[in-house]
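Novice: Structure incoming, see below.
The numbers here are math on the coordinates, done by the rules we state, and not lab data. Note that the structure is predicted; figures quoted are calculated from it, not measured. Cβ coordinates were reconstructed from backbone atoms using ideal geometry, including for glycine residues, and neighbour counts include every protein chain displayed.
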Amino acid sequence: MGYDVEVLTGFPNYPGGKVYPGYHLRLWQREIMDGIRINRIALFPSHDRIGWRRILNYLSFAFCLLLVGIWLVRRPKIIYVFNLVTLMPFAVMLSFLTKAKILLDVQDLWPESVSRSNMLENRLSLRLLNMFCLWAYRHADWLTVLSPGFKQNLVNRGLSVDRIEVIYNWCDEAALSYKSSFDNSNSALDFKGKFLVIFAGTMGMMQGLDAVLNAAEICQVRSPQAQFVLIGSGVDRIRLETVAKEKRLSNVTFIPPRPQSGMRPLLENAGALLVHLKDDPLFRITIPSKTQAYMFVGKPIIMAMAGDAAELVAQAGAGICCRPDDGNALASAVEQLMKMTESERRAIGSAGAEFYQKHLSMAVGIRLFANRFEVLSRS
């Protein structure tokens, strides 16, 4: 769209907490990717359960930004800050020096997400973090959020409703449109005649996937055609695999993570695509990114969440919503879809795909961001 874009980021290490192959930690590194200049800054790589290591991951990157980031980037007109409030001191300093406007894209609510993940439990520390977050939110010229619930949360904290805009996330449409040849070995495609319920993504503590194993245990007796397939990695995967073996759940299969460009054949063979997060007030205003990916693929969704994400799926007519952390409710949702005809399930998937294109697509999101950038650049 004619914008000159430059990126200031860290060395890739998510979600495993290890720097990706081909990269080595150093103070800074510059590369060109798709014609865009990428400046990478040193950080402490970590995404495990140990709170101080996660905190060090955020703070080390923020410190290195202040140390060397200012010398790497060209003079900006708009500073787009993705999510982390720990990046705001650098953004504010850069804005002061260049008169650039700051747009903060809020994807996680702090300090709520920090306290829920047990990364920080001390009350005084959380109070101080809350004060810092309010400072960060107030020093942004504009805030975008991923759900109506996020917007209401920020308004309740005293921020102006006129400075906050809901822009839904989109998925990696190019990758999910790629229908690659696929190796059937050790994959969900081996389960001929089964009704596949696929969960794809991070298997962490917040996903609460014990409920999925409980549902599988129920279905193993009640609906043996149901096969639960969990694709991905995360800090809780090994424990989940152990529990599945102890319960002798032959209807649960774990598949290693795959690039999104290799996911389409798996997802298209699903009878249902599953979203699940623990039942928590914060998650009731969260819309997991896999929601958009599932809608784009056009398969029925089982939304085991309450709140904004469930309302979005219900509004689109894209699937069935059930209570989170409830194996019985999840098993019943699976069985409800299994009882439908193939044409009924296809209609549900098509409704989700159509809703995605109208309201959640990359084209829609980019147009909204571009409109906001234009307004900010003129102010």
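Novice: Is the stretch 238-301 best put as rounded, prolate or oblate by its Cα gyration tensor, with a ≥ b ≥ c the root eigenvalues, rounded for a/c under 1.5, and otherwise prolate when a/b is larger than b/c, oblate when not?
Specialist: Verdict is oblate for the stretch 238-301.
Novice: Treating the beta-carbon of each Lys and Arg as +1 and of each Asp and Glu as -1, no other charges, what is the dipole magnitude of the stretch 173-358 about its Cα centre, to the nearest 20 debye?
Specialist: 360 debye
Novice: Just going by the charge dipole of the chain, with Lys and Arg at +1 and Asp and Glu at -1 on Cβ, which of 170, 51, 282 is farthest out on the positive end?
Specialist: 51
Novice: A further question on this structure: Towards the positive end of the charge dipole of the stretch 274-379, with charges on Cβ (+1 Lys, Arg; -1 Asp, Glu), say which of 324, 306, 355 has the farthest Cα.
Specialist: The residue sitting farthest along the positive end of the dipole is 355.
Novice: What does the charge dipole of the chain about its Cα centre add up to, to the nearest 20 debye, if the Cβ of each Lys and Arg holds +1 and the Cβ of each Asp and Glu holds -1?
Specialist: 740 debye
Novice: Follow-up. Quick one: 275, 297, 235, fewest Cβ neighbours within 10 Å first, how do they rank?
Specialist: Final ranking by Cβ density, sparse to dense: 235, 297, 275.
Novice: Report the gain in length on full extension from residue 191 to residue 127: 0.36 nm times residue separation, minus Cα-Cα distance, nm rounded to one decimal.
Specialist: Gain on stretching residue 191 to residue 127: 17.9 nm.
Novice: Can you tell me the FRET efficiency between residue 364 and residue 68 if r is taken as the Cβ-Cβ distance and R0 is 35 Å, rounded to the nearest 0.05?
Specialist: 0.45
Novice: Still on this structure, please answer the following. Work out how much length residue 59 to residue 258 would gain on full extension: take 0.36 nm times their residue separation and subtract the Cα-Cα distance, in nm to one decimal.
Specialist: Contour length minus the Cα-Cα distance gives 68.7 nm.
Novice: When a/c reaches 1.5 or more, the comparison of a/b and b/c decides; with that in mind, is the stretch 37-181 rounded, prolate or oblate per its Cα gyration tensor?
Specialist: Verdict is rounded for the stretch 37-181.
Novice: Which residue fluctuates most in the GNM of the chain (Cα springs below 10 Å): 216, 363, 333?
Specialist: 363
Novice: Using a simple spin-label model with points 7 Å from Cα along the Cα→Cβ vector, what separation in nm is obtained for residue 19 and residue 250?
Specialist: 4.7 nm
Novice: If you don't mind, another one. Sort 362, 131, 88, 1 so the one with the fewest other Cβ atoms within 10 Å of its own Cβ comes first.
Specialist: Ranked by crowding around the Cβ, least crowded first: 1, 131, 362, 88.
Novice: If you wrap a convex hull around the Cα atoms of the stretch 173-358, how much volume per residue is inside, in Å³?
Specialist: In the stretch 173-358, the Cα hull volume divided by residue count equals 106 Å³.
Novice: Going 7 Å from the Cα of residue 99 in the Cα-to-Cβ direction, what parts of the stretch 335-379 have a backbone nitrogen less than 18 Å from that spot?
Specialist: 374-379
Novice: Could you run the Karplus curve 6.51 cos²θ - 1.76 cosθ + 1.60 with θ = phi - 60° over the stretch 98-104 and give me ³J(HN,Hα) per residue in whole Hz, x for Gly and Pro?
Specialist: 10, 6, 6, 8, 10, 10, 9
Novice: Now for a different question. What is the order of 18, 101, fewest Cβ neighbours within 10 Å to most?
Specialist: So the residues, fewest neighbours to most, are 18, 101.
Novice: Put a dot 7 Å past each Cα toward the Cβ at residue 52 and residue 107; how far apart are the dots in nm?
Specialist: The answer from the label model is 2.8 nm.
Novice: Something else: Longer than 19 Å from Cα to Cα, which of 18/290; 194/278; 101/358; 290/358 are they? Say none if no pair is.
Specialist: 18/290; 194/278; 101/358
Novice: Using only the Cα atoms, work out Rg/Rh for the stretch 259-379, with Rh taken as the Kirkwood radius, to two decimals.
Specialist: 1.04
Novice: With equal scatterers on the alpha carbons only and no solvent term, can you work out the Debye log10 of I(q)/I(0) for the chain at 0.06 1/Å?
Specialist: For the requested q values the scattering log ratios are -0.25.
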